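Participant: Dropping a structure here in structure tokens format, bear with me for questions.
Any read-out appearing in this document is the output of simple, stated calculations on the displayed coordinates, not a laboratory observation. Because the structure is a prediction, the values reported are computed rather than measured. With ideal geometry, Cβ positions are generated from the backbone for all residues, glycine too; neighbour counts draw on all protein chains shown.
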Amino acid sequence: MRSKYLGLALLFTVGSALAELRPLAEDELQEISGQAGLSISASLNFAANPAQTRCPGGCGMRVAIQPANSAGFIVLDNIQGTFSFEGLSFDIVTIDSGYDGDGAAFNASAMRLGLTDASFSNARFTLAGSNSAASGGAGFQQTDLLTYRVNGDVRMNGNLYLFAAP
Amino acid sequence: MTRHARCIALALLALPGLAAAMEALDDQALGEISGAGVGFFLDNFYYDQGSASAQVSGIKDSQGNALTIDFERAYIKGEGSQRGALDSEAQLGTPLHPFTLKVVSGAAAPTLPSGTQALQLKTPTWSDPLNDTHQYGLWSYYQGCLYGESGCTAPAQAQTAIDSELGGLEASRDTILARYQSVGFLTLKSGIDQDMQLVNQRRAQVATETSDVQGAYGTMETRYAAAPAWDGFYRKPAFGEKYGCGSLCLTSAARAYNSSVNSYQTQLDELAAAQKALGEAWSVERHGYSLNQRATDFDEFSALCGAPTAESPTCVVGRIQKTKDNRTSVVLVATTLQNGGTRFKGLDIGVEATFSLPSTAYSMDGNGTIIKGATTTRSDFFSINLEGFTLNGAYLNLWGDSTGLQGEASLQMYADKLIIGGCRVCTDANRAVAKNLYFDINLGQASLQPLNLSVLAGGELRLSLPSVTWDNHQAFYQQVPKSNISIGNLNLGGVDLGSQVVRGMRVDYLDLRTVNLPR
């Protein structure tokens, strides 16, 4: 029961920790803005499943959405390939200036997502309508609308700010 | 709860400051919280397809042949990018004018049925005259040329244009007013109504005679088919002409045919007489003007000023008033520009694509028969560029009810320039260039005509707008928003075609569904 001892140990340390940790008052909290954020690099690979013979070489990932009271599904089918990016940044900032005076009037925090160049390797998806959320099986019907493929490096720049809207 | 977790929970409870800061919200406080949503905006943004290749496939022509679209280039950048050549950065929204995604009801979505809440995506919305697309789009239509280009630096040009249009409308109104001043418009209307009775009688007569002519023609056709190739010495004549033997023909079939030709001629004469009488009814004069003139004048006046309700009518509704209202917006935009006002910069968006599609060669042989030749794959280049594109004040509301996923959308798109080209290496002199483009497209109205999206059992997508019904037709035509498109100037292959406008479009019924080809 290692967890029990760990918990007890925490309980005992809390008392002494409190001496160092001082609860921050509301006005003090407001003055703190995000210091350092996160930088994310990732490579996402959606591989085909060769067991599914419906698509040549196997089908990729499938996302199905059923609009309210519809008999069928809108699907993003056969999602395959690699999507990678390096240095996508993520932090919290206070906007209190700029934007032709809008910034000063806004004077609040927002989540900032720093966009970066991305790279696709044989990425593809098919937009379709289907009678079933799952792929294949008896009576399976699907109308493919279009297939989009992308390969190579795209250049992207900018900051996306997200915040709670009144 | 595991012991581990319980211990941590206890430890947290022991932190006195935290527990004190947590307060339960009472009902009143909760009631004040509305469905807050997410706001977002983008700055320093650009996107460029760069070295990536992109392709859309899976689209088929009606014969089931595959069609592919290869995107050679695509970009979204800030205004002034020289069609994507420069990495100019775009600003989409500001902290106080963001894109919003939230749940709305009541005043934020006034058309929604009561008790319904919708998910709303709304683009940055301004109310100042330069950034409010509705006002700026109207001004740009009258301005015609692209503001800031050489020869287009006077914003009051739009004011002159709308004044001239308004002057023309008012002159037409004054002519009609002067014409019937001594008569009075209610008297004019009652005179038209009385004279229209004769027109309506004679219209009915023309309809009867038209039907008689059709009947006689049918009889003539039947009897011609039954008529013999020869009647004694007389060969069967061309259709509509008579055998030379007149009423003395040997066969009864030939005599019957001849008589049907006579009847047909009689009916034609009667129709001509009825049409002449109808024309005369339209020419009946009162107050020195024919019925035709009076009815046209009255209709025109009603369109300009609204239907008259007094002998000396006012002019507070109708097209003149609408143009006056528009003039207010145009003058406001022009004045703001003259005082040095500027707009938020828009986007430059462009796509260059190659369409590969099967193409069959047809030729004609010596006998004039069309022969199908070989089918090859043809590549067509297509480019579309938008400069200074904004989408301010547009929204999409989505909600679900017993009939499925419903929506209503309003697109407020404005672009300084739209350039469509079919040639890879050429200048704008060989492309279609539209300047000051404004799309005010409204699809669906939540209460009367919601846009419905569903997927049928076979997996076919369906987008529909219910039709107007007898029960709701009055509210429908008053409330369902119309769509408008205006272009300040359209230039095709170097030729200026001037301004184009489509106003007051409304979809009465729409049912759009995908089908799996070949069927």
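Participant: Among B:G191, B:Y509, B:L448, whose Cα sits farthest toward the positive end of the charge dipole of chain B (+1 at Cβ of Lys/Arg, -1 at Cβ of Asp/Glu, about the Cα centre)?
Facilitator: Of B:G191, B:Y509, B:L448, it is B:Y509.
Participant: Now for a different question. So for each of B:387-398, B:250-261 I average, over its residues, the number of other beta carbons within 10 Å; can you give me the resulting order with the highest mean first? Show your work: numbers first, answer last.
Facilitator: Working: B:387-398: 20.8, B:250-261: 18.5.
Output ranking for B:387-398, B:250-261: B:387-398, B:250-261.
Participant: According to a simple spin-label model (label point 7 Å from Cα along Cα-to-Cβ), what is the distance in nm between B:Y477 and B:A66?
Facilitator: 5.1
Participant: What residues of region B:412-439 lie in the reach of a label at B:A85, counting those whose backbone N is under 19 Å from a point 7 Å from the Cα along Cα→Cβ?
Facilitator: Within reach of a label on B:A85, which here means backbone N under 19 Å from a point 7 Å along Cα→Cβ, region B:412-439 contributes B:417-433.
Participant: Let me ask another. Suppose the chain between B:V38 and B:Q321 were pulled fully straight at 0.36 nm per residue; how much longer would it get relative to their current alpha carbon spacing? Kindly include the intermediate steps, with their values, before the conclusion.
Facilitator: Working: separation 283, 0.36 × 283 = 101.88 nm, distance 4.05 nm.
The B:V38-B:Q321 span can extend by a further 97.8 nm.
Participant: Quick one: net charge of B:K324's neighbours, Cβ under 14 Å, K/R +1, D/E -1? It would help to have the intermediate numbers written out before the result.
Facilitator: Values: positive: B:R173, B:R319, B:K322, B:R327; negative: B:D163, B:E165, B:E170, B:D325.
Result for the neighbourhood of B:K324: 0.
Participant: Could you quote the convex hull projected area for chain B, Cα atoms only and averaged over all directions, in nm²? Write down the numbers at each step before the final one.
Facilitator: Values: hull surface 184.1 nm².
About 46.0 nm², averaged over all directions.
Participant: Ok, one more. Please give me the summed charge of the neighbours of A:V93: other residues whose Cβ is under 12 Å from its Cβ, Lys and Arg +1, Asp and Glu -1.
Facilitator: Working: positive: A:R112; negative: A:D91, A:D96, B:D43.
Charge balance near A:V93 sits at -2.
Participant: How much net charge surrounds B:E270 when only other residues with a Cβ under 10 Å from its Cβ are counted (Lys, Arg +1; Asp, Glu -1)?
Facilitator: On the way: positive: none; negative: B:E209, B:D212, B:D269.
After counting each charged neighbour, the total is -3.
Participant: Taking a virtual spin label 7 Å from the Cα of A:L38 along the C-beta vector, which residues in region A:103-124 bring their backbone nitrogen under 17 Å of it?
Facilitator: Only A:110-116 pass the distance filter.
Participant: Shifting gears a bit: Could you give the spread of the C-alpha atoms of the protein assembly as shown along their three principal axes, from largest to smallest, in whole angstroms?
Facilitator: Rounded to whole Å, the extents work out to 132, 73, 56 Å.
Participant: What 222 nm value per residue comes from the helices of chain B, counting each DSSP H run with n ≥ 4 as -39,500 (n - 2.57) and dividing by all residues, nearest 500 deg cm²/dmol? Display every interim value, and only then the final one.
Facilitator: Numbers: 10 runs with 173 residues, N = 519.
-11000 deg cm²/dmol, from helical runs alone.
Participant: Extending each Cα 7 Å along its Cβ direction at B:L463 and B:T403, get the distance between those two points in nm, one decimal.
Facilitator: 1.8
Participant: Quickly rank B:448-457, B:125-134 as a protection proxy: mean count of other C-beta atoms within 10 Å, highest first.
Facilitator: Values: B:448-457: 21.4, B:125-134: 18.0.
Final packing ranking: B:448-457, B:125-134.
Participant: Further question on the same structure: Return B:E72, B:E79 ranked ascending by Cβ neighbour count within 10 Å, so the fewest neighbours appear first.
Facilitator: B:E72, B:E79
Participant: Please sort by residue number the trypsin sites (Lys or Arg not before Pro) in region B:377-456 whose DSSP state is loop and whose Cβ has at most 15 other Cβ atoms within 10 Å. Present the calculation step by step, with values, prior to reporting the outcome.
Facilitator: Values: sites: B:R378, B:K417, B:R424, B:R431, B:K435; in loops: B:R424, B:R431.
For trypsin sites (Lys or Arg not before Pro) across region B:377-456 that sit outside H, G, I, E and B with at most 15 neighbouring Cβ atoms in 10 Å, the list reads B:R424.
Participant: In peptide A:67-80, how many Cβ atoms from other protein chains are near each Cβ within 10 Å, on average?
Facilitator: On the way: counts 11, 12, 8, 10, 8, 9, 2, 6, 2, 0, 0, 0, 0, 0.
The shielding value for this peptide is 5.
Participant: Okay, next question. What does the structure give for B:401-407 when I average, per residue, the other chain Cβ atoms found within 10 Å of the residue Cβ?
Facilitator: Per residue, the average neighbour count from other chains is 3.
Participant: Considering every residue in B:54-60, what mean count of other chain Cβ atoms within 10 Å of its Cβ is obtained? Before the final figure, lay out each step's value.
Facilitator: Working: counts 8, 6, 6, 7, 9, 4, 1.
Partner-chain Cβ atoms within 10 Å, mean over residues of B:54-60: 6.
Participant: Could you give the size of the charge dipole of region A:82-166 about its Cα centre, using +1 on the Cβ of each K and R and -1 on the Cβ of each D and E, expressed in debye and rounded to the nearest 20? Walk me through the numbers on the way to the answer.
Facilitator: Details: 4 positive and 8 negative charges, 82 e Å.
The dipole magnitude comes to about 400 debye.
Participant: Given a Förster radius of 60 Å and the C-beta distance between B:S363 and A:A68 as r, what FRET efficiency does 1/(1 + (r/R0)^6) yield to the nearest 0.05?
Facilitator: Details: r = 54 Å, r/R0 = 0.90.
Calculated transfer efficiency: 0.65.
Participant: Tell me, what is the percent relative contact order of region A:34-162, built from C-alpha pairs under 8 Å that lie six or more residues apart? Could you put the intermediate results ahead of the total?
Facilitator: Values: 306 pairs, mean separation 31.9, N = 129.
Result for region A:34-162 is 25 percent.
Participant: When only Cα pairs under 8 Å and 6 or more residues apart are kept, what is the percent relative contact order across region B:182-311?
Facilitator: Working: 115 pairs, mean separation 46.8, N = 130.
36 percent.
Participant: I've got another one for you. Size of the dipole of chain B about the Cα centre, Lys and Arg at +1 and Asp and Glu at -1 on the beta carbon, nothing else charged, in debye to 20?
Facilitator: Values: 39 positive and 50 negative charges, 207 e Å.
In total the dipole reaches around 1000 debye.
Participant: Can I ask one more? For the ranges A:143-149, A:62-68, what's the packing order if you count other beta-carbon atoms within 10 Å of each residue, average per peptide, and put the highest first? Provide the component values of the computation, followed by the final result.
Facilitator: On the way: A:143-149: 18.4, A:62-68: 16.3.
Result, highest mean first: A:143-149, A:62-68.
Participant: Still on this structure, I have one more. What is the distance in Å between the Cα centroid of region B:213-247 and that of region B:316-388?
Facilitator: 57
Participant: What whole-number distance in Å separates the alpha-carbon centres of region B:135-199 and region B:402-468?
Facilitator: One Cα centre to the other: 31 Å.
Participant: In addition: So how do A:F106, B:F239, B:F382, B:F233 line up by other beta-carbon neighbours within 10 Å, fewest first? Write down the numbers at each step before the final one.
Facilitator: On the way: A:F106 22, B:F239 12, B:F382 15, B:F233 8.
Final ranking by Cβ density, sparse to dense: B:F233, B:F239, B:F382, A:F106.
Participant: Now for a different question. If you rank A:Y99, B:Y75 by fewest surrounding Cβ atoms within 10 Å, what's the result? Intermediate results must be reported in sequence, preceding the final value.
Facilitator: On the way: A:Y99 19, B:Y75 23.
Ordered by Cβ neighbours within 10 Å, fewest first: A:Y99, B:Y75.
Participant: Sticking with this one: Relative contact order of chain B, please, whole-number percent, based on alpha carbon pairs below 8 angstrom and at least 6 residues apart. Mind dumping the intermediate values first?
Facilitator: Values: 938 pairs, mean separation 85.7, N = 519.
With pairs under 8 Å counted, the relative contact order is 17 percent.
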